[in-house]
Amino acid sequence: MFAEYTEKQLAFKDTITAFVESEIRPLNDAYDLTLPFTAADIRKIWQKMIPVFLNPKDGEAIIDMKDIQNASHSGEGLLGGLPIDTILLGIAIEEIARVNPSLMCSIMISLAPAGTILVSRNDEMKKKYLLPVLTGQKIGCAAITEPGFGSHSAGFRTTAVLKGDHWLVNGTKTWISNGDISELCVLICSCDEGTGEPYTAQLLVDRDVSPYRSRSLPHMGLKQFPAGELVFEQVKVPAGNKISGSKEKKGDGLKKTLQAFEISRSCMALCSVGIAQAAIDASVAYVKERRQFGKLLGEFQMIQEMLSDMATETEAARMLAYRALSLIQAGKRAEAAAAMAKQYATEMAVRVTSKAVQIHGKAGLSEDFPIERMFRDARMLTIPDGTTQMQKLILGRALTGLSAFS
Ligand SMILES: Cc1cc2nc3c(=O)[nH]c(=O)nc-3n(C[C@H](O)[C@H](O)[C@H](O)COP(=O)(O)OP(=O)(O)OC[C@H]3O[C@@H](n4cnc5c(N)ncnc54)[C@H](O)[C@@H]3O)c2cc1C
């Protein structure tokens, strides 16, 4: 059970905090916070982060690159046998999200295909794409949602029909993180090998080889985070690019997709924790400066109560998220733990940033202060990777053994 950071984790946290303050915070002045990152922006920033994230020397890094090409997935757990430290990953996510959650989301999504490739055991794809993804040469995305299928993600309509040496792909995916700037897409679709027995699969679509169209979708918060629609119209994808799913093991592709949510939901929870922590830090600083009725705001009991609630809820969410990541690290299933963390943390961040607005008064609503941006950013996170309601239904299913959805 996760209770406290180990010495190694604390040392990593110090390193990442110092890095974020010296290298990431200045980017908030260098970039327009209302415009989505381009692929070139993400590549450039990722180059700075590689030495901290991927350390080939001493193994104290999120991904140990020493033998990554030969690493192979084992066991039932999501990342069993792979040299990925999920707690260090969580620490990095929380720290980066504290300063720029849009950047955090974009980098994490870009790296996501690396995990999918490693888990897939497709050696050809591993050889071809693992390093380009990890080194930022290919900006990644994962496409499940379609215009008609959001929460009911398994209902998707995108198809891939095998024609000799390639799949012919048709369909539209929407609200895909990094979609418009993506260069490599993990596409969830229905594969048909001509046997009339379609099955769910994941295809790795390299945009250079298999061009697909896209457009950017503007949104309320996380303004620098590029979300987009992808259109596949008669797109040819090499037959060997299937990374999960087969007609023999029909449920395998869907199982892999759903299992990947365990880590993405835990990460989303820590992104929310990072935003909430930033709102607390800004609020504490503000109440020690702003005076009313001849007193500092921080001296008023009702202000202290709000701060105390904000800190307690943020810490509770942090513990839930690290607990889910600890289970994944231990090679155990974390579906319920990740659902609990995701729904609590994302809703918590909305409450906490809303209280931060209240504490700041009119300054909390002003675009001259960062608080309104934190509130809009937090509001974005109760929807992706399964809405709050879907997380509650997953928990309800775990508690009762009865499914409210299929
Ligand atoms: C910032 C962001 C990033 C995203 N990134 C990606 C990505 O990278 N890849 C990707 O594939 N998708 C992505 N999405 C899409 C996301 O996964 C969907 O938006 C989400 O699954 C919900 O689908 P929907 O928006 O269509 O809502 P709907 O499914 O239409 O739901 C609308 C409302 O109805 C509720 N509802 C639905 N079904 C039930 C039910 N059975 N019981 C109770 N309530 C229900 C929902 O909780 C919600 O409140 C992203 C979305 C956002 C906001």
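When the chain is fully extended, how far beyond the present Cα-Cα distance does ASP32 get from ALA316, taking 0.36 nm per residue of separation? Between ASP32 and ALA316, full extension yields an extra 98.9 nm. The P(r) of segment 348-406 has a tail past 14 Å containing 62 percent of all C-alpha pairs. Restricting attention to segment 253-400, lysine pairs at least eight places apart or on different chains and with alpha-carbon atoms under 29 angstrom apart total 15. Using the Stokes-Einstein relation with a Kirkwood hydrodynamic radius computed over Cα pairs, the translational diffusion coefficient of the chain at 20 °C and a viscosity of 1.002 mPa s comes to 98 µm²/s. For the chain, modelled as a GNM whose springs connect Cα atoms under 10 angstrom apart, the maximal fluctuation among THR312, THR172, THR346 occurs at THR312. Among complete DSSP H helices in the chain, those whose alpha-carbon atoms stretch at least 15 Å along the helix's long axis and whose mean Kyte-Doolittle hydropathy reaches 0.0 are 39-53, 86-99, 101-120, 252-287, 301-329, 335-360, 388-400.
Along each principal axis, taking the top coordinate minus the bottom one, the Cα set of segment 1-73 gives 39, 32, 24 Å in descending order. Averaging 1/r over every pair of different alpha carbons in segment 7-139 and inverting the result gives a Kirkwood radius of 15.5 Å.
Computed across segment 200-309, the Kirkwood hydrodynamic radius from all distinct Cα-Cα pairs reaches 19.0 Å. If you count Lys pairs in segment 142-249 whose Cα atoms are under 23 Å apart, skipping same-chain pairs closer than 8 places in sequence, the total is 9. Select from GLN259, GLN292, GLN391 the residue whose mean-square fluctuation is largest in a Gaussian network model of the chain (Cα-Cα springs shorter than 10 Å). It is GLN292. Per the Kirkwood formula applied to alpha carbons, segment 253-400 shows a radius of gyration over Rh ratio, Rg over Rh, of 1.08.
Once backbone amide H atoms are built at 1.01 Å from N, GLU146 has THR174 as its partners under 5 Å, excluding neighbours fewer than 5 places away on the same chain. The P(r) of segment 142-249 has a tail past 17 Å containing 50 percent of all C-alpha pairs.
Ranked for footprinting exposure by Cβ neighbours inside 10 Å, fewest first, VAL99, VAL133 give VAL99, VAL133. Peptides 278-286, 139-147, 3-11 ranked from most to least packed give 139-147, 278-286, 3-11, packing being the mean of other C-beta atoms within 10 angstrom over each peptide's residues. Close amide H partners of HIS166, meaning residues 5 or more places away or on another chain with modelled amide H under 5 Å apart, are ALA239.
Every number here is computed from the coordinates shown, using simple stated rules; none is lab data. In this text, all values refer to a predicted model and were calculated from it rather than measured experimentally. Please note: Cβ atoms are built from the backbone with ideal geometry, for glycine as well, and neighbour counts cover all protein chains shown.
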